[in-house]
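Right, one structure below, let's go through it.
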Amino acid sequence: MNLNSRAKGILLVIVGTMLWGISGTVAQFLFQQKGFDTEWLVVVRLLISGFLLLLYGYIKKDKNIINIWKSKEDSIKLILFGAIGMLGVQYTYFAAIKHGNAATATILQYLSPVIITCYLIIRNKKLPNIKQLIAIGLALIGTFFIITGGNIHSLSLSHLALFWGICSAFCSAIYTLQPVNLLKKYSSISVVGWGMVIGGLAFSFIHSPFDFSGELSFITIISSAFIVIFGTLIAFYCYLESLKYLVPTEASILGCIEPLSATILSVIWLNVHFGIAEFIGTTCIILTVIILSFSKDK
């Protein structure tokens, strides 16, 4: 893998996770201030984003959109990715926000690098190198400082928030690892697009996309559109595309930029205090990016 490909992968995952962080904050705004249902937002964002992505692929004459269904084995993998990986990481994260808040949901979700590393240790029978260990440690420490302000006692979670947050960490790990082989054979557009549609259709049996409740206004329409287009369509595409150039552990650790972008938006939009502990967290996450950028372990 050359330097340009690696730099492209790092840029893709940074853009994708920044958009996730911003959309998470916007989603909390809709849930807590505008009365939106978690289930409705999940099913709508998956269906609309998925169909738009497949439409884009069709216009670009991406043959993978059809070819991916010609293999029974790959079709099964795709269905599992959509119904488990894609839908799972979407719903559990939003459910954790609903029963807690975006901050605690994010810090629990970022236990996923530890889960991924443990899985890779078992699968490859090889311990992570020192750079990966340092990066994981910095990522976790940085996330802790940004979310808690350095005070562990500030994490006050309900049982449901804790449950969905831990589920979100496992689903995030599955989402990162599950589609790697599919992405080696097919385009990200086909994998992500069908994954979203499958996840949205599966969840439609639980909550209809036409069953809406909440405040309908210009700001909520714009906010919903941002979550669907930027926070889902573009963000998921960038993240999965990055897996072509980065190993899953690196992509997951770089994903810690998500709480950084969420924090910055909270400071600007919600006037959240940003003190010394938050600056320490920011430094740790930046160091994580630098360490992984210079890592040559394949």
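Quick notes
- Within the stretch 205-238, being surrounded by fewer than 17 Cβ atoms within 10 Å (Cβ to Cβ) and of a type in the set (Gly, Ala, Ser) holds for Ser208, Ser213, Gly214, Ser217, Ala225.
- Checking Pro113 against (1) open to solvent by less than 60 Å² (accessible area, probe 1.4 Å); (2) within 20 Å of Ile84 (Cβ to Cβ); (3) over 14 Å from the mean Cα position of the chain (by Cα), the condition it does not meet: (3)
- Only one of Lys60, Lys70, Lys77, Lys126 that is among the charged types (D, E, K, R) and touching a helix residue (DSSP H, G or I) at 6+ places or on another chain (Cβ under 7 Å): Lys77
- So Leu162, is it closer than 20 Å to Gly199 by Cβ, open to solvent by 30 Å² or more (accessible area, probe 1.4 Å) and not aromatic (Phe, Trp, Tyr): no
- The test for being surrounded by fewer than 19 Cβ atoms within 10 Å (Cβ to Cβ), within 18 Å of the chain's Cα centre (by Cα) and over 19 Å from Ala27 (Cα atoms) holds for Leu183.
- With respect to (1) farther than 20 Å from Thr232 by Cα; (2) part of a helix (DSSP H, G or I), the lone exception for Met196 is condition (1).
Residues are listed down the side, and each one gets a yes or a no for (1) under 19 Å from Leu240 (Cα atoms); (2) at pLDDT 85 or above:
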{"site": "Glu73", "(1), (2)": "no, yes"}
{"site": "Met86", "(1), (2)": "yes, yes"}
{"site": "Lys98", "(1), (2)": "no, no"}
{"site": "Ala102", "(1), (2)": "no, no"}
{"site": "Leu133", "(1), (2)": "no, no"}
{"site": "Ile141", "(1), (2)": "no, yes"}
{"site": "Ile147", "(1), (2)": "no, no"}
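- Screening Ser190 against (1) open to solvent by less than 10 Å² (accessible area, probe 1.4 Å); (2) within 21 Å of Trp20 (Cβ to Cβ) leaves a single unmet condition, (2).
- Filter pass, Ile189 being on the phi < 0 side of the Ramachandran plot and in contact with an Asp or Glu (Cβ under 7 Å, 6 or more places away or on another chain): yes
- Odd one out for Leu108 among (1) within 14 Å of the chain's Cα centre (by Cα); (2) surrounded by fewer than 24 Cβ atoms within 10 Å (Cβ to Cβ): (2)
- Assessment of the stretch 50-64 against the conditions (touching a residue at least 24 places away in the same chain (Cβ under 8 Å), hydrophobic (A, V, I, L, M, F, W, C) and surrounded by 24 or more Cβ atoms within 10 Å (Cβ to Cβ)) yields at least one matching residue.
Every residue, every condition in (1) in contact (Cβ under 8 Å) with a residue 40 or more places away in the chain; (2) assigned to a helix (DSSP H, G or I); (3) aliphatic (A, V, I, L, M); (4) crowded, with 19+ Cβ neighbours inside 10 Å, yes or no:
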position: Ser5; (1), (2), (3), (4): yes, yes, no, no
position: Gly9; (1), (2), (3), (4): yes, yes, no, yes
position: Trp20; (1), (2), (3), (4): yes, yes, no, yes
position: Ile48; (1), (2), (3), (4): yes, yes, yes, yes
position: Ile66; (1), (2), (3), (4): no, yes, yes, no
position: Glu73; (1), (2), (3), (4): no, yes, no, no
position: Leu78; (1), (2), (3), (4): yes, yes, yes, yes
position: Phe81; (1), (2), (3), (4): yes, yes, no, yes
position: Ile84; (1), (2), (3), (4): yes, yes, yes, no
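- Within the stretch 240-298, helices (runs of 4 or more DSSP H) holding 1 or more residues that are modelled with pLDDT of 75 or more and out of contact with any helix residue (DSSP H, G or I) (no Cβ under 7 Å at 6 or more places or on another chain): 257-270, 276-294
- The stretch 197-229: number of residues that are more than 23 Å from the chain's Cα centre (by Cα) and small (Gly, Ala, Ser): 4
- Hey, Ala235 touching a Ser or Thr at 6+ places or on another chain (Cβ under 9 Å), part of a helix (DSSP H, G or I), in contact (Cβ under 8 Å) with a residue 12 or more places away in the chain and not basic (Lys, Arg) or not: yes
The values are calculated or read from the model by the stated rules, or taken from the named source; none is laboratory data. In this text the structure is predicted, and so the values were computed from the model without any measurement. Neighbour counts run over all protein chains shown; Cβ positions are idealised from the backbone, glycine included. Heads up: the accessible areas ignore ligands, DNA and RNA and are worked out on the full protein's heavy atoms, side chains in. Shrake-Rupley method; radii C 1.70, N 1.55, O 1.52, S 1.80 Å.
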